[in-house]
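The values are calculated or read from the model by the stated rules, or taken from the named source; none is laboratory data. Remember, it's a predicted structure, so these values are computed and weren't measured experimentally. Virtual Cβ from ideal backbone geometry, glycine too; neighbours counted across all protein chains shown.
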Amino acid sequence: MSARKNTWSTEDLQNLDNTYQMHPWSAMGKESYGLDVFDSASGIYMVNRDGERFIDGPGGMWCVNIGHGRREIGEAMTHQISQLGYASPWTSTTEPSTMLARRIAEETPGDLNTVFFTTGGSSAVDTALRFVQFYNNVKGRPEKKVFISREKAYHGSTYLSASVSGKERDRKFLDTNTDFVRFLPNVNPYTRPDGMSVEDWRDAKLADLENMILEVGPDKVAAFIAEPVLASGGVIVPPEGYHQGCLEICRKYDVLYISDEVVTGFGRLGHIIASEKVFGITPDIITCAKGLTSGYVPMGAAIFSDRLIDEIRADDHADILFSNGYTYSAHPVCAAAALKNIEIIDQEGLLEHVREISPHFQDRLKQLGEKHRIIGDARGMGLIGCLEGAVAPGMPEEKRLGIDLEFGELINAATEKRGLLVRPIINMCVFSPPLVISREEIDVMFDILDEAIAEVEAEMLS
Ligand SMILES: Cc1ncc(COP(=O)(O)O)c(C=O)c1O
């Protein structure tokens, strides 16, 4: 046992945590959180202070793509720190950040070759949105400022990225800018009216975008921002052809397309960048983070089409500054970690592995949906999955609200005691395990889910 373990008990740490820390999405009414205290992790497993081992179903927060405990990342960072721990991105550059920018540019489609490094996903989205505002100001059309986003979208926690996030509950007690943001209605095919085909649903969703642009006025709409798969909004996979249709509409009205690949990038769908390879689109700007460093250190990036940069460079704009950036932009130690992360993805064939095992993952997920009456929808793509609860026929009245509000928590409690963590989101639970997960481990994970759902189902139907 390490000295640290001897010094502080789990309870001590939880008490100190309650006293001194505020965590993301803290419920302010709660006096005590009793959060899990983890001590170590390796591969797809996390171990708490009592030595209990759990499969990390959410992959941290959709980010631990190469798995936990990779010493190579630590070694790459240690080497970089001993060589050069920091250099100002304002006045200098470094080999790791330059090599990383080049590698990302090689992976992004079309002419998206200009990489701006940030400190995470929110700052990547913030940078993308600020760049669009800047671009239109420089081009002499300051009225072209409206961003179109979608209900259930999540793009981050800065003022600007939260302003384009469409999760209703998150907007409740926080101010966001509503002057220049519009939201399209839910694109989830699961919510389409009875009898409507998925193709008709897709066309209706495309019409929503076109109508919104026309309603606001194309000369006022700056950009459309979309996650290829809406992740935190409940793993919403839009119908086939949706993104291509959206891009065509954007092109028709001179509206820029920002593809937010913070979750989908770096392997989750079997490719470093999914926009073109999975969804057939070459957007104008791509944002990424999370899997870029597999969560080992904070880093994100916004990647811009050279066309946009060239348009700004043209004429006599040499003296205009894009005054946006962070002390830790292009951080050499984070870049070294990201380069090692990509090397591991390459050397271990993780993209091929994800493409190979995803059908099995998705099959097992769908089977749960078919088998259990309290599952309304089982959906996903690549190595992302979501189970959405539903009130089953015959369920006692007093239990129904539990499914609507607590399905995720109930499933999480039932899986946790069987050694699996999932991420509860109100009436859903989602998972995106490390990409190194094997076929056998996928089976263990879904066997646990199967048992856990059966337990919750029995309780809810009694
Ligand atoms: C699609 C998407 N964009 C942006 C973000 C914000 O990233 P971060 O939490 O690194 O700031 C997230 C975080 O979950 C996300 O899922």
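Of all the numbered requirements in (1) surrounded by fewer than 20 Cβ atoms within 10 Å (Cβ to Cβ); (2) farther than 30 Å from GLU416 by Cβ; (3) under 28 Å from the mean Cα position of the chain (by Cα), SER26 misses one, and that requirement is (2).
Here PRO283 clears all of (1) touching a strand residue (DSSP E or B) at 6+ places or on another chain (Cβ under 8 Å); (2) within 20 Å of GLY234 (Cα to Cα) except the condition numbered (2).
Among the residues of region 235-245, are any among the aromatic types (Phe, Trp, Tyr), within 15 Å of the ligand (Cβ to nearest atom) and touching a residue at least 40 places away in the same chain (Cβ under 8 Å)? So that I can check it myself, show each step before the final result.
Start the filter on region 235-245 by keeping residues that are among the aromatic types (Phe, Trp, Tyr), which leaves 242.
Imposing the further condition that a residue be within 15 Å of the ligand (Cβ to nearest atom) reduces the set to none.
Scanning region 235-245, I find no residue that is among the aromatic types (Phe, Trp, Tyr), within 15 Å of the ligand (Cβ to nearest atom) and touching a residue at least 40 places away in the same chain (Cβ under 8 Å), so the answer is no.
Residues checked against (1) touching a Gly at 6+ places or on another chain (Cβ under 7 Å); (2) part of a loop (DSSP other than H, G, I, E, B):
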site	(1), (2)
ASN324	no, yes
ILE342	no, no
GLN362	yes, no
MET395	no, yes
ILE411	no, no
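Do we have any residue at all in region 94-116 that's within 22 Å of the chain's Cα centre (by Cα) and within 16 Å of the ligand (Cβ to nearest atom)? The answer is yes; a qualifying residue exists.
So is GLY121 within 16 Å of the ligand (Cβ to nearest atom) and assigned by TED's automatic domain parsing to the domain that holds ASP219 or not?
yes
Screening PHE279 against (1) in a helix (DSSP H, G or I); (2) touching a residue at least 12 places away in the same chain (Cβ under 8 Å); (3) touching a Phe, Trp or Tyr at 6+ places or on another chain (Cβ under 9 Å) leaves a single unmet condition, (1). Within region 229-255, the residues that satisfy the criterion of being within 21 Å of ASN186 (Cα to Cα) and not in a loop (DSSP other than H, G, I, E, B) are LEU230, ILE236, TYR242, HIS243, GLN244, GLY245, CYS246, LEU247, GLU248, ILE249, CYS250. Scan region 434-452 and give yes if some residue there is charged (D, E, K, R) and assigned to a loop (DSSP other than H, G, I, E, B), otherwise no. No: zero hits. Considering only region 303-318, I want to know if a residue exists there that is in a strand (DSSP E or B), buried (at least 17 other Cβ atoms within 10 Å of the Cβ) and away from the ligand (no atom under 15 Å from the Cβ). Yes: region 303-318 contains one or more residues that are in a strand (DSSP E or B), buried (at least 17 other Cβ atoms within 10 Å of the Cβ) and away from the ligand (no atom under 15 Å from the Cβ). Is it the case that some residue within region 212-226 is within 14 Å of the ligand (Cβ to nearest atom), outside the structural domain of ILE426 (by TED's automatic domain parsing) and under 19 Å from the mean Cα position of the chain (by Cα)? Taking every residue of region 212-226 in turn, at least one turns out to be within 14 Å of the ligand (Cβ to nearest atom), outside the structural domain of ILE426 (by TED's automatic domain parsing) and under 19 Å from the mean Cα position of the chain (by Cα).
Can you find a residue in region 156-177 that is away from the ligand (no atom under 16 Å from the Cβ), surrounded by 15 or more Cβ atoms within 10 Å (Cβ to Cβ) and at pLDDT 95 or above? No, that holds for no residue.
Residues checked against (1) at positive phi; (2) of a type in the set (Phe, Trp, Tyr); (3) surrounded by fewer than 16 Cβ atoms within 10 Å (Cβ to Cβ):
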{"site": "GLU348", "(1), (2), (3)": "no, no, yes"}
{"site": "GLY382", "(1), (2), (3)": "yes, no, no"}
{"site": "GLY394", "(1), (2), (3)": "yes, no, yes"}
{"site": "SER432", "(1), (2), (3)": "no, no, no"}
